[in-house]
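Everything below concerns the one structure shown next.
The values are calculated or read from the model by the stated rules, or taken from the named source; none is laboratory data. Remember, predicted model here, so these are calculated numbers, not experimental data. Virtual Cβ from ideal backbone geometry, glycine too; neighbours counted across all protein chains shown. Areas reflect the complete protein model, heavy atoms only, side chains present, ligands, DNA and RNA absent. Shrake-Rupley method; radii C 1.70, N 1.55, O 1.52, S 1.80 Å.
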Amino acid sequence: MDAAALRALQAPLKSRYKDAPDAARITLKARGALDDQAIACKVETGRALAVAGLHPATGGSGLELCSGDMLLEALVACAGVTLKAVATALDIPLRSGRVLAEGDLDFRGTLGVDKEARVGFEEIRLTFEIDTDAPQEKIDSLLKLTERYCVVLQTIANKPQLNVNIKALA
C-alpha cells in the first residue's frame, strides 16, 4: 500500500470522525484464563501467529491485531501470570480464574482529526474473576501484591523513561 492508497482509505473515516466524534471512540477487549495446573495465563488471540496491523477504525482490515489489542493482551497475560504466582506464594487455592481488560481509544487523535484528542488509551479497566474459598483479607493481599508485581501494569501506571531512535539500514 502506498501513501495515496492509505490516505484514500482513511479519508472517509476522518470525515466521519469530524462529523460524529463518538464514532471514533472504541473499546478494545482482551481476556485470559488462569491455568489450573501451572503458573500461566492463556490469552485468547484466535491466531497462532500474532500479526500487527491497522485497526479497522483507522483503515485496517480487521484481520490483524492493532497495537491496542496487543497492549491489552500483554496486560492480561502478565496480570494473569502474576496473580497465579502470588496466589501460589500466599497459598491461596484458586479453582479457576479469568483476567479481563478493556480499554477505550479515541481514534481522532490517532488519525490527526483532532489535535487535542489523546493518542492512546483514555482508560483501561482490569478485572480479575477468581473462584476461591480464601478469606477476604487474603484476597485483598492477593490483589495488592498482584498490582505491585505486574510488570505491564506498573509500566502503564508509572511511565518509564523512554528513549526512541531510528537507524537507517545500510
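Numbers for the structure displayed
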read-out	value
Filtered residues of the range 38-59 (kept if open to solvent by 100 Å² or more (accessible area, probe 1.4 Å), modelled with pLDDT under 80 and more than 20 Å from PHE121 (Cβ to Cβ))	ALA48, LEU49
Selection count where residues are assigned to a loop (DSSP other than H, G, I, E, B) and open to solvent by 100 Å² or more (accessible area, probe 1.4 Å), scope the range 1-35	1
Among residues of the range 11-45, those that are over 16 Å from THR110 (Cβ atoms) and in contact with a strand residue (DSSP E or B) (Cβ under 6 Å, 6 or more places away or on another chain), counted	10
Tally, over the range 81-106, of residues that are closer than 30 Å to ARG118 by Cα and without any contact (Cβ under 8 Å) to a residue 40 or more places away in the chain	0
Qualifying positions in the range 114-143 - more than 24 Å from ASP36 (Cα to Cα), in a loop (DSSP other than H, G, I, E, B) and open to solvent by 30 Å² or more (accessible area, probe 1.4 Å)	ASP114, LYS115, GLU116, ARG118, VAL119
Residue within the range 116-129 that is of a type in the set (Val, Ile, Thr), in contact (Cβ under 8 Å) with a residue 40 or more places away in the chain, out of contact with any Asp or Glu (no Cβ under 6 Å at 6 or more places or on another chain) and farther than 30 Å from ALA20 by Cα present	no
Qualifying residue in the range 60-74 (condition: more than 16 Å from ARG31 (Cβ to Cβ), in a loop (DSSP other than H, G, I, E, B), among the aliphatic types (A, V, I, L, M) and open to solvent by 60 Å² or more (accessible area, probe 1.4 Å))	yes
Test: ALA168 is farther than 23 Å from ILE39 by Cα and touching a strand residue (DSSP E or B) at 6+ places or on another chain (Cβ under 8 Å)	no
